[in-house]
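Q: One structure is given below, represented as structure tokens, and several questions about it will come after.
The values are calculated or read from the model by the stated rules, or taken from the named source; none is laboratory data. Predicted model, so just to flag it, every value in this text is computed and none were measured. Positions of Cβ are generated from backbone atoms using ideal geometry, with glycine treated the same way; all protein chains shown enter the neighbour counts.
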Amino acid sequence: METVGAGMLESDMQRVLLLGGTTEASALARALAVRGVDAVFSYAGRTDAPRPQHLPTRVGGFGGIEGLHAWLIAECITHVVDATHPFAAQMSRNAIAACAAANVALLGFERPAWGGFAGCHLVADIAAAVAALPEAPARVFLAIGKQNLAAFAAKPRHHYLLRLVDAPGVLPLPDATAVIARGPFTLQGDLDLLRAHHITHIVAKNAGDSGARAKIDAAEALGLPVILIARPDLCAQPDQPARQVAGSVSEVLGWLGHGTDLGV
Ligand code: NAP
């Protein structure tokens with residue numbers, strides 16, 4: 001991956017697509033709106049009541065690489081900022097391919113991944129996380145959102161605590177409790193949650209960022225093991241060029257040529 005410097009691109013005749021669904025994307029949308037940048041915010045449409053944004057907003061998939069390519073051309077998009085979640089790999093791969101085909105500039109807005117910590121057991125993917133759980137009954141905080149829950153039915157003896165944005169329908173796990181809440185979360189709140197549910201193990205994605213970090217800090221404080229799932233690789237092809245990345249709103253603004261002063 002390449003990192004970006006400030007002021008790399010001109011802001012004339014600019015129209016931005018911001019791929020969202022994260023706290024960082026919402027912060028960037030605010031900053032773009034304040035500066036009067038011509039931009040469209042895009043949600044996948046996974047949650048019942050997505051946060052309202054300060055930018056014109058569209059909801060739903062584009063229809064794969066081809067659909068996104070056509071949409072970029074039709075909407076005269078000059079710049080795409082991919083501020084999706086680090087585990088939204090399909091969208092990010094599609095953006096890399098569609099932007100290359102449409103000759104549109106692309107920047108990934110990436111949160112730094114978490115490093116190792118006490119009790120951390122790093123695994124490659126969901127299947128490895130399932131395998132890493134014990135065979136004996138345990139009480140597991142399955143902090144991975146609503147996707148991929150079914151994989152954990154392979155370990156049906158555990159009680160699973162889920163934290164979801166929307167109330168779930170039928171859960172694919174025989175013994176599960178769902179707490180409905182939207183982050184960011186606090187250390188004290190997550191300490192209380194883990195204690196109240198007598199949690200013995202945590203499964204989490206290596207999401208990075210401070211709002212999602214509370215559960216990790218709480219687990220560390222309580223001496224609980226954390227099975228941490230590594231981020232997916234975005235490179236669909238070995239010879240694919242790495243996308244440029246920024247780690248903060250101000251870096252993204254610099255890349256777009258709107259200055260890095262966040263005091264505006
Ligand atoms: P994904 O597997 O990478 O994407 C699946 C498909 O959903 C994409 O191919 C695309 O459909 C559509 N899509 C995803 N993000 C979109 C966006 N921002 N705007 C328009 N379409 C989008 O994504 P995911 O893991 O399901 O995540 C969906 C959304 O939830 C993302 O926006 C992400 O930021 C957010 N989110 C994900 C996680 C997570 O753990 N995965 C956690 C928190 C938030 P088409 O191919 O039809 O264009």
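Q: Looking at this structure, is LEU224 at pLDDT 95 or above and either farther than 20 Å from ALA89 by Cα or exposed (fewer than 15 other Cβ atoms within 10 Å of the Cβ) (or both)? Break it down stepwise before answering.
A: Values: at pLDDT 95 or above: yes; either farther than 20 Å from ALA89 by Cα or exposed (fewer than 15 other Cβ atoms within 10 Å of the Cβ) (or both): yes.
Against the criterion (at pLDDT 95 or above and either farther than 20 Å from ALA89 by Cα or exposed (fewer than 15 other Cβ atoms within 10 Å of the Cβ) (or both)), LEU224 qualifies.
Q: Just to be sure before I move on: is ASN103 polar (S, T, N, Q) and either surrounded by fewer than 19 Cβ atoms within 10 Å (Cβ to Cβ) or away from the ligand (no atom under 15 Å from the Cβ) (or both) in the structure I sent?
A: Details: polar (S, T, N, Q): yes; either surrounded by fewer than 19 Cβ atoms within 10 Å (Cβ to Cβ) or away from the ligand (no atom under 15 Å from the Cβ) (or both): yes.
Yes.
Q: Then there's this: Name every residue in segment 152-186 that is over 17 Å from the mean Cα position of the chain (by Cα), crowded, with 16+ Cβ neighbours inside 10 Å and more than 14 Å from ILE199 (Cβ to Cβ), in order of residue number.
A: Once the filter is applied, which keeps residues that are over 17 Å from the mean Cα position of the chain (by Cα), crowded, with 16+ Cβ neighbours inside 10 Å and more than 14 Å from ILE199 (Cβ to Cβ), segment 152-186 yields PHE152, LYS155, LEU171, LEU173, ALA178.
Q: Another one. If a residue has to be within 22 Å of ALA100 (Cβ to Cβ) and within 11 Å of the ligand (Cβ to nearest atom) to count, how many in segment 26-57 make the cut?
A: 3
Q: Considering ALA138, ALA176, which residue is modelled with pLDDT of 95 or more and under 24 Å from ARG46 (Cα atoms)? Spell out the reasoning first.
A: Working: ALA138 fails: under 24 Å from ARG46 (Cα atoms).
None of the other options fit; the residue is ALA176.
Q: Quickly run through segment 187-209 and pick out the residues that are touching a helix residue (DSSP H, G or I) at 6+ places or on another chain (Cβ under 9 Å) and modelled with pLDDT under 95.
A: ASP209
Q: Can you pull out every residue in segment 159-211 that is without any contact (Cβ under 8 Å) to a residue 60 or more places away in the chain and either closer than 19 Å to PRO50 by Cα or in contact with a Pro (Cβ under 6 Å, 6 or more places away or on another chain) (or both)? First the steps, then the outcome.
A: Residues of segment 159-211 that are without any contact (Cβ under 8 Å) to a residue 60 or more places away in the chain, as a first pass: 159-164, 167-182, 185-198, 210.
Listed by number, the residues that qualify are ARG163, LEU164, ALA167, PRO168, GLY169, PRO174, ALA178, VAL179, ILE180, ALA181, ARG182, PHE185.
Q: Select from segment 119-145 the residues that are in a loop (DSSP other than H, G, I, E, B) and closer than 12 Å to LYS205 by Cα and list them in ascending order.
A: Just the residues of segment 119-145 that are in a loop (DSSP other than H, G, I, E, B), to begin with: 119, 124-125, 133-138, 144-145.
Matches in segment 119-145: ALA124, ASP125, ILE144, GLY145.
Q: From the set of residues in segment 58-85 that are near the ligand (Cβ under 9 Å from one of its atoms) and buried (at least 21 other Cβ atoms within 10 Å of the Cβ), which is farthest from TRP255 (Cα to Cα)?
A: Just the residues of segment 58-85 that are near the ligand (Cβ under 9 Å from one of its atoms), to begin with: 58-65, 67-68, 71, 82-85.
With the extra rule that they be buried (at least 21 other Cβ atoms within 10 Å of the Cβ), the set shrinks to 62, 68, 82-85.
Details: PHE62: 25, LEU68: 22, ASP82: 13, ALA83: 14, THR84: 18, HIS85: 20 Å.
The extreme case among them is PHE62.
Q: Can you pull out every residue in segment 86-96 that is within 11 Å of the ligand (Cβ to nearest atom) and surrounded by 17 or more Cβ atoms within 10 Å (Cβ to Cβ)?
A: Filtering segment 86-96 for residues within 11 Å of the ligand (Cβ to nearest atom) gives 86-95.
Residues satisfying the conditions are PRO86, PHE87, ALA88, MET91, SER92, ARG93, ASN94, ALA95.
Q: Restricting the search to segment 41-54, which residues are surrounded by fewer than 20 Cβ atoms within 10 Å (Cβ to Cβ) and farther than 14 Å from ALA88 by Cα?
A: Passing the criteria: THR47, ASP48, ALA49, PRO50, ARG51, PRO52, HIS54.
Q: Then there is this: Using beta carbons and a limit of 6 Å, which pairs, at least six apart or on different chains, have the first residue in segment 72-90 and more than 10 Å from ARG15 (Cβ to Cβ) and in contact (Cβ under 8 Å) with a residue 12 or more places away in the chain and the second one assigned to a loop (DSSP other than H, G, I, E, B) and among the charged types (D, E, K, R)?
A: Here the result reads PRO86/ARG231, each pair linking segment 72-90 to a residue that is assigned to a loop (DSSP other than H, G, I, E, B) and among the charged types (D, E, K, R).
Q: Look through segment 123-151, keep the residues that are surrounded by 16 or more Cβ atoms within 10 Å (Cβ to Cβ) and of a type outside the set (A, V, I, L, M, F, W, C), and return whichever of them is nearest to the ligand (Cβ to nearest atom).
A: Within segment 123-151, the match that is nearest to the ligand (Cβ to nearest atom) is GLY145.
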